[in-house]
Amino acid sequence: MKVNLTSSFFGIILILIRLNVCAQTTSLYGKITFNNIPEPFVNVFINDLSIGTSSTMEGIYFIADIPLGTSIVEVSAIGFMSQKHELTFKEGVPINLDFTLEVANDRLNEIVISGTLVPVSKLESPVAVEVYTKRFFKRNPTPSIFESLQNINGIRPQLNCNVCNTGDIHINGLEGPYTFVLIDGMPIVSGLSTVYGLTGIPQSLIERVEIVKGPASTLYGSEAVGGIINIITKQPGNATKFSLDSYGSSWGEQNTDLGISYKLGKRNKGLLGVNHFIYQNPIDNNKDGFTDLTLQNRISVFNKIEFERPDHRTFNLAARYIYEDRWGGEMGWQPMHRGGDDVYAESIYTNRWEAFGTYRLPVVADINFQFSGNAHSQNSFYGLTSYNANQYIGFAQLSWNAQFSNMHSLLLGSAYRYTYYDDNTFATLSIDGTGNEPSIMHLPGVFLQDEISLSQRQKLLLGVRYDYNSLHGNVISPRANYKWNSFDKKNTIRISVGNGFRVANVFTEDHAALTGSRTVEFEDALNPETSWNGNINYVKNVILKEAILTLDGSVFYTHFSNRILPDYETDPNKIIYSNLSGSSVSKGISLNGDLMLENGLIVLVGATLMDVSVMEEGTKRRQLLTERFSGVWNMTYRFNKIGITLDYTGNFYGPMRLPLLGELDPRDEYSPWFSIQNIQMTKRLGKYFELFTGVKNLLNFTPAANSIARSFDPFDKKVQFDTNDQVIPVTDNPYALTFDPSYVYASNQGIRIFIGLNFTIH
């Protein structure tokens with residue numbers, strides 16, 4: 001019976017082939033097997049033509065009416081590796097192509113480098129690494145990576161200012177300065193660029209983003225306390241020839257990404273990327289007199305060159321330049337008001353360049369030299385407050401990766417980091433208080449890592465780093481990681497313990513110190529922060545007949561000593577910075593679930609429950625601007641017959657404790673539960689074009705209109721103070737408030753429609 005069905009099927013195919021010849025189209029047919037057994041329900045899709053089919057119970061597939069030309073055919077099924085083939089369809093020449101499937105879980109087989117500095121599959125890595133590809137970010141297009149991270153579990157882009165809309169990335173409740181941002185493994189984003197480094201990166205050039213939650217100071221040094229975000233760009237040899245991605249929104253935002261790969265001579269390849277974002281449409285929907293969204297005009301140019309060398313030894317160079325003009329403030333502000341007390345605004349001019357590269361030495365041993373340099377200049381006014389700053393960072397690292405027997409894999413490295421910082425605040429005031437004295441820091445260090453294969457299913461990673469900070473002395477950072485997996489690799493347990501340290505620079509990292517009318521005060525010289533972190537991670541993979549389910553759960557605990565936290569509560573007129581005399585703890589549990597169904601539905605969900613608190617003088621209090629509960633979701637479904645993909649993404653957050661201006665402040669002490677949801681529809685148009693449209697912030701959630709205290713008096717001209725500089729309640733100011741934009745937990749940007757077009761030449 002089986003033979004007869006197969007024969008009949010191919011008989012029908014032959015008839016259709018004859019019909020196709022007459023219509024100047026052709027056909028594709030074949031059989032799909034796994035272990036020599038026919039495999040049903042396998043998707044066969046011609047991406048650029050938006051046509052496809054699924055295999056029958058006999059593993060047979062057939063696609064008719066295929067236009068002539070060259071196209072890419074993709075074969076995919078739950079639990080199997082995807083396959084792509086480039087085929088040229090000619091008139092009257094049907095193509096017979098059979099496929100043999102291989103079992104795989106792509107998310108487990110991804111190659112990662114951020115956890116160990118050595119390329120290794122995600123499954124085999126003793127360090128838990130989360131990987132997010134370009135497709136993940138395309139589900140909710142944004143003008144910057146900063147905003148794109150909002151739908152990753154345990155990560156929250158936090159706005160620090162209601163006026164200038166600068167922000168940083170929180171990982172498991174820890175503030176942005178504890179998150180180390182890398183580009184291609186290089187420490188590019190830090191210090192003065194902490195709140196700007198994730199903007200202006202052309203997303204068309206991003207290959208993937210790797211995230212490690214927990215301290216990584218053993219490999220990366222200072223700042224890698226809460227975790228790392230490693231943005232990995234495409235290799236010029238693997239990039240598309242040309243891509244143009246542009247979209248606009250009903251608010252007036254316009255974002256354009258351009259990517260071009262090219263040849264440099266006969267052997268070398270290059271990749272050029274340009275990003276331009278512009279928003280020049282002041283909107284004040286909450287009627288507080290201030291812009292709801294900061295106006296911006298940003299241009300970024302990125303270029304990467306890959307040099308071909310003998311034995312495929314790595315040598316690449318990359319550079320990026322970014323310029324941004326950003327302002328937010330009262331609706332009537334003009335550039336002529338900059339630095340004056342007539343109309344309030346926060347105006348920030350940013351110039352920045354970066355250069356980095358990797359060179360593998362021409363020796364037998366696996367020795368790599370990595371280097372980077374960047375310069376960041378900021379010219380800004382926060383009302384009357386001028387903040388001009390310059391920062392220069394140079395970095396070099398030499399690492400040797402050696403395999404000793406089948407048991408030990410050693411990584412030995414030395415690094416040096418130079419940081420120059422100068423501004424016009426008292427942060428760089430000379431010791432005698434008479435002049436300016438730029439901060440210069442030298443940070444040489446060495447590190448050693450041993451990855452020990454205890455058995456085929458067990459690995460132990462031991463590492464230690466020694467740094468000498470020219471301002472603070474010796475720093476030692478150890479860590480240990482253990483991994484176990486079952487025989488079928490469907491169960492994996494990872495345990496990690498590590499130490500982190502960080503040297504703080506308030507003005508470069510926290511723009512709340514510059515905005516508003518509060519005075520910044522340092523109680524004492526700020527000592528480096530130290531932390532200990534423990535993490536237990538469990539991954540469970542369930543492969544079903546019609547679905548793959550991956551569960552990824554973690555329990556985390558971080559204990560801080562000498563933590564530096566801004567104190568908004570002791571004095572409503574000040575922001576007081578000091579080393580915490582007690583302790584600070586971040587602990588919690590997170591769970592991710594990835595479900596891929598045979599019908600094409602993909603569901604990614606995650607939730608985090610955490611407690612971030614400060615213990616001082618026997619009193620425990622919740623950390624400001626930190627939620628106890630958060631969740632995210634990403635849902636994707638492709639309608640193959642009509643060539644449309646539907647994406648539904650969103651997040652939700654529990655209440656956060658907010659900074660009030662004293663006991664009389666009428667604003668709520670806690671934020672409400674809120675959710676930001678987005679929907680997008682994508683339609684393939686022929687071989688090169690893709691149209692996408694959707695709605696952002698479907699529920700139109702925005703914070704309360706009174707988030708900015710005394711927005712009508714931003715220079716405190718009508719505020720009265722007593723002899724101790726405390727605000728006096730009066731008829732015009734019954735709640736004893738001053739102008740303050742630090743009460744911020746979400747964007748004021750409401751619902752909006754967006755539409756865009758992608759043009760790609762492979």
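Nothing in this text is a laboratory measurement; each read-out follows from the coordinates by a stated rule. In this text the structure is predicted, and so the values were computed from the model without any measurement. Reconstructed Cβ throughout: ideal geometry from the backbone, glycine too, with neighbour counts over all protein chains shown.
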- Message: Could you sort the peptides 537-548, 654-665 by per-residue average Cβ neighbour count (10 Å cutoff), highest mean leading?
- Response: 654-665, 537-548
- Over the chain, what is the mean sequence separation of C-alpha contacts under 8 Å (at least six apart), divided by residue count, expressed as relative contact order in percent? 11
- Can you give the Rg to Rh ratio for the chain, taking only C-alpha atoms and Rh from Kirkwood? 0.99
- Item | HN-Hα J in Hz across the range 621-628 - Karplus 6.51, -1.76, 1.60, θ = phi - 60°, x for Gly and Pro | 9, 5, 5, 4, 6, 9, 7, 7
- Note on the structure: By Cβ neighbour count within 10 Å, fewest first, M57, M681, M596 rank M57, M681, M596
- Determine which lysines satisfy two conditions relative to K287: a Cα distance under 26 Å, and not lying fewer than 8 residues away in the same chain. K696, K717, K718
- Query: Of the cross-linked pairs K138/K641; K489/K587; K122/K459, which ones have a Cα-Cα span greater than 23 Å in the structure shown?
  - Reply: K489/K587
- Task: Once you've got the Cα coordinates, tell me which of K304/K490; K31/K234; K483/K545 are over 31 Å apart.
- Result: K304/K490; K31/K234
- List Y247, Y416, Y344 from most exposed to least, where exposure is judged by having the fewest other Cβ atoms within 10 Å. Y416, Y247, Y344
- Task: Between the alpha-carbon centers of the range 121-179 and the range 698-726, tell me the distance in whole angstrom.
- Result: 30
- Per the helix-only calculation at 222 nm, which mean residue ellipticity applies to the chain, given -39500 (n - 2.57) for every DSSP H run of n ≥ 4 and division by its residues, nearest 500 deg cm²/dmol? -1500 deg cm²/dmol
